[in-house]
1. With θ taken as phi - 60° and the coefficients 6.51, -1.76 and 1.60, list the Karplus ³J(HN,Hα) couplings across region 120-129 in order, rounded to whole Hz; mark glycine and proline as x.
2. Given just the C-alpha atoms of region 86-161, how large is their convex hull per residue in cubic angstrom?
3. What pairs in LYS73/LYS162; LYS227/LYS252; LYS154/LYS227; LYS50/LYS74; LYS162/LYS219 have C-alpha atoms more than 23 Å from each other?
4. Run the dipole for region 134-197 about the Cα centre, Lys and Arg Cβ at +1, Asp and Glu Cβ at -1, nothing else charged, and hand back the magnitude in debye, nearest 20.
Amino acid sequence: MIHVVLCVYDPSGSYSQHAGVVMSSMFENTQSEITVHVLHDDTLTEENRKNFIRTAEKYGQHVDLVDVTEHEKKISGELVKVSGEWTVGTLYRMFIPDVLPYVEKVIYLDCDILVNLDIQELWDINIDGMSMAGVIDYARYTTPPFSVRAVHFKIIGCDVEKYINAGVVVMNLQKVRERGNLCSMFIEWLLRYSYLPLFPDQDALNSIFFGDIKIIDDKFNMYDLNKNLSGCIVHMWNGKPWQFFTGAEHEKMYWKYYLRSAWGEGMTRDDVIEFFGKFIAPEIAELQEKTHKHTNQCMKRIIMNIPKKIREAFHTEFFDVCGLILKDKFYRLKYNFSRS
């Protein structure tokens, strides 16, 4: 049995369909038996609950709807101290070892994922007794030395070359439990580094388990949407198909799996035409028409501006880096003092 975890926090009632698309994409491409554990709170509607069950039944697979409301309430006071622009649903993964005590290993997936391969490939990877496995994050390409982000990694005890993207993670729950209570470790980490407002869940996982994470092939978390997406787990972090439609490969893929899930299976041809009509607003068509009409001129202008941009970036980063280092020293003293 392959165990997969999705986390759903859905106050608007529209987020569940994305988890449903993850499920249908995975079921379409995998013959093995799968149980999808959907961690949710009381924002999950009865209609969406039924859609999860119907989607699994359609493929002869299994879904386990796990209400984590009570777990969330236990830590709500602590979360208020560290909450930012991210939602509490981002942190549901920290409940996994507790709410699935009978499971030794899971694949965690974000809900902006498409599984365009047999998930058994990922499940069968030997993670060599480590707590987790994942793909190196794109930060390795966007974090120059002596930048704010580079200092951020140093502060939390991570190496950008070993820092994984948390959208697709294999979790060895037996090993994680040996390390301690994941929820408690998360909260302690978030309280310690609450002044660092970047990716709390991803930073925490990488910081807590640094040196205990196996790096796996990029195809298991393909976030470059311009590459060939066949035989990959596609991470649509920078191109949400439900926000706009340009005809890109991952967008077509998303809507194909949507129509095969319980959320879209009842749509007629006319429904589909009317549904996609909303994406073809005049201003979008005009923007698409203008985009890259003068590519050569754009490239020349970008190249001419490179020296200026480097100077500006260095000037800005220098003071930001100094500010971050001083802030860290202040909060480190404050944190140590509060514990003494």
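Each reported figure results from applying straightforward, stated rules to the coordinates on display, with no laboratory input. Predicted model only: the values in this text are computed from it and were never measured. With ideal geometry, Cβ positions are generated from the backbone for all residues, glycine too; neighbour counts draw on all protein chains shown.
1. With coefficients 6.51, -1.76 and 1.60, one gets 4, 4, 6, 4, 7, 5, 7, 8, 6, x Hz.
2. Values: hull volume 12.1 nm³, N = 76.
That works out to 160 Å³ per residue.
3. Numbers: LYS73/LYS162 34 Å; LYS227/LYS252 15 Å; LYS154/LYS227 31 Å; LYS50/LYS74 28 Å; LYS162/LYS219 16 Å.
Beyond 23 Å between Cα atoms: LYS73/LYS162; LYS154/LYS227; LYS50/LYS74.
4. Working: 8 positive and 5 negative charges, 12 e Å.
Computed charge dipole of region 134-197: roughly 60 debye.
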